[in-house]
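The values are calculated or read from the model by the stated rules, or taken from the named source; none is laboratory data. Since this is a predicted model, take the numbers as computed values, not measurements. Here the Cβ positions follow ideal geometry from the backbone for every residue, glycine too, while neighbour counts run over all protein chains shown.
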Amino acid sequence: MPINPLTLKKIRRFSSIKRGFYSFLILSSMILISFFAEILVSNRAIVVNFNGKFYFPTYGQIITGKTFGLDYEYETNYRELAREFKQGKGGNWVLLPPVPYNPYENDLRDNEYPPFPPSLKDRHYLGTDTVGRDILSRLVYGFRIAILFSLGLLAANYTIGISIGCAMGFVGGKFDLFFQRIIEIWSNVPFLYVVIIISSIVVPSFMMLILIMAFFEWIGMTWIMRTMTYKEKAREYVLAARAMGASDFRIIFRHIIPNAVSVIVTFAPFSVSGGIVALTSLDYLGFGLPPPTPSWGELLQQGWANMDAYWIVGSVIFAMTLTLITVTFIGEAVREAFDPRFHTTYE
Amino acid sequence: MRQVGKINQALISVVLFILVMFLNGCGSEGTPEKPAEGTSPALDRPFDGATLPDTSEPVHPKGERPGLPEDINWLTNEEDPVFASPEARKGGVFRDSLISFPMTFRMVGPDSNGSFAGVLRSNAFSLIGIHPNTMNIIPEIATHWAFGKDKKTMYFKLNPEARWSDGYPVTAADFAYTLEFMRSKHIIAPWYNDYYTREIDRVIIYDDYTIAVVGTKAEPDLYLKLGISPTPKHFYGVLSEDFVKKYNWEIEPNTGPYQIREFKKGKFVKLRRKEDWWGKNMKYFKNRYNVDEVVYEVVRDSNIQWEYFKKAKQDVFGMTIPKYWYEKSKTPVVEKGYVRKIWFYNDTQQSAQGMWLNQDKEIFKDKNLRYAFAHAMNIEKVIEQVLRNDYERLEQGFMGYGPYTNPHVKARRWDLLKVEEIMTASGWKKGEDGIWVKGPNRFSVEVVYSLDEHTPRIVVLKEEAKKAGIELRLQQMDGSAMFKKVLEKKHDVAWMGWSTSLRPQYWEHFHSANAHIPQTNNITNTDDPEMDRLIDAYRNSLDEKERIALSWKIQEKIHETGCFVPTFRVPYVREACWRWWRLPKVPGTRHTLSLFDPFSSTTGGLFWYDKALYEETREAMAAGRAFDPVTLVDETYKIR
């Protein structure tokens, strides 16, 4: 399918806004990396060569210590295995990921108490948290959860928002009035309190947290889409389409939504950053995903309580700032690229 | 007195969920009594013995005064060792902080059970006390006591010296009034209403200074229940509906060594020592309650309290939490010796903290799986690597109960081989992810807990349990939501502790009468006829030796059931104090929970202010001179 020249123009325009474009590259690579985090950040080795046989423990079931000639039945500790193989002969070797820790395990030591500061030797590049878990590892997995969360939330909000908003704008009349009142009532429910109450009664899972939050956040998109639809509905091209006998369904999906897409797309990056911030703050307050889920909010909370362990609070603040700034820059660039007036301050 | 009050409540099975292990949660609830003063004109009628006989109806329905039984055997106790220091001197001002201002100065009724209630109740003495080291009865307001033959009555001779803080003598009528007061609907305190109706039958007045308190049933350890405290009849008179509102900020006359002198809502409360307190020369109160004034200032954040302490705006600081003891105390005032650290081992009832397995859940119906679970919990690793070896392993749910504790019961230790053995014997196999499976069942259980501070401990257990093939799913919940879930028996494993009482309470936790129904404390749903038999025998026995033997057996039985995995105990208190505060040679007692409790009638008020040391320290601080840092460790009562 050939790309619409208008779209092409928008893409070109987007990539010409350097700040946004590079942010986009950074964020996409971060997301991409996080999806393959098991290879880069994990306690499981990438490859083990034992007695001439290759093992790839990263994905799939656990390989017990017995498999590698160790004396235990639980999952192999590959860091120890690597150390052992290095000392022994026999050509066995282990290739560990660059960060050989998973986000849950506690690297505890005798007579020393976490948090441990960053150390190249132990491969805790950003140190450990107060329970001895690797911070980099928790950041990476926490990022993956946060970004998936906000994308999921975005999808949920937009699905609800666009459908109800379009319907309100398109159908109008009593339907519109009814939903307007609903929204007015809804928007007066204090969101944070409700989330706190709910999550103190039941421990929210990932999906449930998305549902709870979507429950309150569909309003914004609905409001916007309603206005957009009203506006577009009154345009001549809609009238023309109708005169040619197009169905309501076709008018909405082929004419109105494509014309409103610039608004939808422009809002998306900001919704993503909003989602990340929301999850992080809920976790920070202790009402988010249950422990020990890796979470930025929880790290932030730990950092606050242990200010002298600067590496905790430093890492998580840096990571958050980076993510939120890139998302914001992308958002700005997208808005700019979609701006029909070509008015800009970016070049 | 406070101890007795505490015990009373526990005895009738109100067991408080321990929300905060070290922070002194809600003040121990107890029987009534309240302090006050400055507000004396409440009832202007001067004391007049003749007005006594109109004791309220629950006391003695027929109105005539009965005679004492002939063969009464009066007891007292002046033989036990004293635990205060003869070197103690009076004087000084002791400053401490409150995290929030009390919501009321009432000791009963709505909002009265905050942490400040502890201060008020400590200053409300009762008939008798308990010696904190020997656990024998000692005099408080009663000088002598005697046990009735029916095993439900105790007789008391009151100390004629005893005075309310407004000068009125404490007489028999005040004890009778306690019942009237506590049974009144107007105090809006259903628990007290119920307790003083169901547990205490009546108070009999023989003369102004001789009474009997009668319980509703024959019971062992009766003295723990019948040593009630007086309520100032002259102050309250006839109660009316406006009680709650009227007495919110009234200062009730009290019998203890201190009384509230001044307060500013939201800011501070000042208590002043009574110069001519009636008890000051009594054997067990002598050389105690030394400071002239105790000032509580409201400081709403513990980090700021710590800063206040470092600036000597607060005299002591609790350091049981490792972060303070090890890290935060690396600060100049400690290193230069201006502040001393004290680590004091006590030997008191330990909260039954640990993991309570719900035997109504499919997976825990099998005893072997409960054993396997216990062997998969690496509590020792948590103690060593997370808790700095500061905590000790709790061997069973009833440690620190003196002779009632069976020392031979030891908790199951981390043992992968045993888990393996048990699980394979029961026909389970390891699944792909290393977790045990059998048919559709997977050994994956949910652990509910409520405290943030416990997350580090539980995540380590989780990782270790994985090695044993057991998956723990952590569910952190808000405290009350968790408690509700647990009381409705909807949990797999509850991570929690129970408050303690003077004697082990088994019925509420392990008797089948409380199993399988919501809102009872048998959260493990233990339902075992043999256990029931032992517990019933224990409850019905009036013979101490037999009770102790049964107690040991029950503890063995609980261990055998395997429904409770004991975790930690903290057999000590740690505190830091400025250098000018001094303590006796043995700084506390067997049952001391805080070395610097200014009031508690059982263990409090042992410390004193040393003016010379104060001046020396202040001079040294001004000149920048340092002393040797002092960390005092007292192991007098350590269990070895």
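Taking the condition surrounded by fewer than 20 Cβ atoms within 10 Å (Cβ to Cβ), out of contact with any Cys (no Cβ under 9 Å at 6 or more places or on another chain), at pLDDT 90 or above and not aromatic (Phe, Trp, Tyr), does A:Ser262 pass? Taking the combined requirement at face value, the residue does not satisfy it.
So, in the stretch B:217-242, exactly how many residues are touching a strand residue (DSSP E or B) at 6+ places or on another chain (Cβ under 7 Å) and under 13 Å from B:Asp174 (Cα atoms)? Residues flagged as touching a strand residue (DSSP E or B) at 6+ places or on another chain (Cβ under 7 Å) and under 13 Å from B:Asp174 (Cα atoms) within the stretch B:217-242 amount to 1.
Those helices (runs of 4 or more DSSP H) of the stretch A:128-221 in which 3 or more residues are over 24 Å from the mean Cα position of the chain (by Cα), over 29 Å from B:Glu463 (Cα atoms) and charged (D, E, K, R) occupy A:173-186. Restricting the stretch B:127-144 to residues that are among the aliphatic types (A, V, I, L, M) and in a loop (DSSP other than H, G, I, E, B) leaves a set whose member that is surrounded by the fewest Cβ atoms within 10 Å (Cβ to Cβ) is B:Met135.
One line per residue, one yes/no per condition, for (1) part of a loop (DSSP other than H, G, I, E, B); (2) within 14 Å of another protein chain (Cβ to nearest Cβ); (3) loosely packed, with under 15 Cβ neighbours inside 10 Å; (4) under 33 Å from the mean Cα position of the chain (by Cα):
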| site | (1), (2), (3), (4) |
| --- | --- |
| A:Arg12 | no, no, yes, yes |
| A:Gly20 | no, no, no, yes |
| A:Leu27 | no, no, no, yes |
| A:Asn43 | yes, yes, no, yes |
| A:Ile62 | yes, yes, no, yes |
| A:Glu73 | yes, yes, no, no |
| A:Arg83 | no, no, yes, no |
| A:Val94 | no, no, no, yes |
| A:Glu105 | yes, yes, no, yes |
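When the stretch B:404-414 is filtered for residues that are more than 30 Å from B:Asp221 (Cα to Cα) and away from every other protein chain (no Cβ under 13 Å), the ones remaining, listed by number, are B:Arg412, B:Arg413.
Among the residues making up the stretch B:421-457, those that are closer than 22 Å to B:Met482 by Cα and facing chain A (nearest Cβ under 8 Å) are B:Asp452, B:Thr455, B:Pro456.
If the condition is being assigned to a helix (DSSP H, G or I) and either within 14 Å of chain B (Cβ to nearest Cβ) or out of contact with any helix residue (DSSP H, G or I) (no Cβ under 8 Å at 6 or more places or on another chain) (or both), then the stretch A:255-302 contributes A:Pro258, A:Val261, A:Leu282, A:Asp283, A:Tyr284, A:Leu285, A:Gly297, A:Glu298, A:Leu299, A:Leu300, A:Gln301, A:Gln302. Checked against (1) assigned to a helix (DSSP H, G or I); (2) more than 25 Å from the chain's Cα centre (by Cα); (3) of a type in the set (Ser, Thr, Tyr), B:Tyr324 passes all but a single condition, namely (2).
The single condition among (1) of a type in the set (Ser, Thr, Tyr); (2) surrounded by 21 or more Cβ atoms within 10 Å (Cβ to Cβ); (3) within 11 Å of another protein chain (Cβ to nearest Cβ) that B:Thr500 does not meet is (3).
The combined condition, being at pLDDT 90 or above, in a helix (DSSP H, G or I) and not polar (S, T, N, Q), is not fulfilled by B:Trp343.
Quick check: anything in the stretch A:240-247 within 14 Å of chain B (Cβ to nearest Cβ) and at positive phi? No - not one qualifying residue is present in the stretch A:240-247.
As a summary of the residue check, B:Leu474 satisfies the conditions (1) at the interface with chain A (Cβ under 9 Å from one of its Cβ atoms); (2) buried (at least 20 other Cβ atoms within 10 Å of the Cβ); (3) within 15 Å of A:Val202 (Cα to Cα); (4) out of contact with any helix residue (DSSP H, G or I) (no Cβ under 7 Å at 6 or more places or on another chain) except for the one numbered (4). The condition of being away from every other protein chain (no Cβ under 14 Å) and either farther than 12 Å from A:Ile312 by Cα or touching a Pro at 6+ places or on another chain (Cβ under 6 Å) (or both) holds for only one of A:Val131, A:Val99, that being A:Val99.
Checking B:Ser240 against (1) buried (at least 16 other Cβ atoms within 10 Å of the Cβ); (2) assigned to a loop (DSSP other than H, G, I, E, B), which single condition isn't satisfied? Failing condition for B:Ser240: (1). Look at (1) more than 14 Å from every other protein chain (Cβ to nearest Cβ); (2) closer than 26 Å to B:His454 by Cα; (3) in contact with a helix residue (DSSP H, G or I) (Cβ under 8 Å, 6 or more places away or on another chain) and you find that A:Asn157 fails only one, number (2). Pairs linking a residue in the stretch A:190-219 that is within 11 Å of chain B (Cβ to nearest Cβ) to a residue that is buried (at least 18 other Cβ atoms within 10 Å of the Cβ) and small (Gly, Ala, Ser), with Cβ atoms under 9 Å and 6 or more positions apart or on different chains, are A:Ser199/A:Gly286; A:Ser199/A:Gly288; A:Pro204/A:Gly288.
Taken over the stretch A:261-275, the criterion of being touching a residue at least 40 places away in the same chain (Cβ under 8 Å) and closer than 13 Å to A:Lys231 by Cβ is satisfied by A:Ser262 alone. Scanning the stretch B:388-402 for residues that are within 14 Å of another protein chain (Cβ to nearest Cβ) and surrounded by 19 or more Cβ atoms within 10 Å (Cβ to Cβ) returns a single hit, B:Tyr391. Exactly one of (1) within 22 Å of B:Ala411 (Cα to Cα); (2) assigned to a helix (DSSP H, G or I); (3) touching a residue at least 60 places away in the same chain (Cβ under 8 Å) is unmet by B:Gln305. Its number? So B:Gln305 meets the others, but not (1).
To keep it simple, each residue is scored yes or no on (1) of a type in the set (Gly, Ala, Ser); (2) surrounded by fewer than 19 Cβ atoms within 10 Å (Cβ to Cβ).
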{"position": "B:Leu593", "(1), (2)": "no, yes"}
{"position": "B:Tyr609", "(1), (2)": "no, no"}
{"position": "B:Gly624", "(1), (2)": "yes, yes"}
{"position": "B:Asp628", "(1), (2)": "no, yes"}
{"position": "B:Glu635", "(1), (2)": "no, yes"}
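Residues of the stretch B:275-284 include at least one that is polar (S, T, N, Q) and assigned to a loop (DSSP other than H, G, I, E, B). Set side by side, the residues A:Ser247, A:Ser273 differ, and just one is under 23 Å from the mean Cα position of the chain (by Cα) and among the small types (Gly, Ala, Ser), which is A:Ser273. Of everything in the stretch A:168-182 that is out of contact with any helix residue (DSSP H, G or I) (no Cβ under 7 Å at 6 or more places or on another chain) and surrounded by 13 or more Cβ atoms within 10 Å (Cβ to Cβ), the residue that is modelled with the lowest pLDDT is A:Gly172. Restricting to the stretch B:91-126, and then to whatever is among the aliphatic types (A, V, I, L, M) and in a loop (DSSP other than H, G, I, E, B), can you tell me which residue is farthest from the chain's Cα centre (by Cα)? In this case the residue turns out to be B:Met103.
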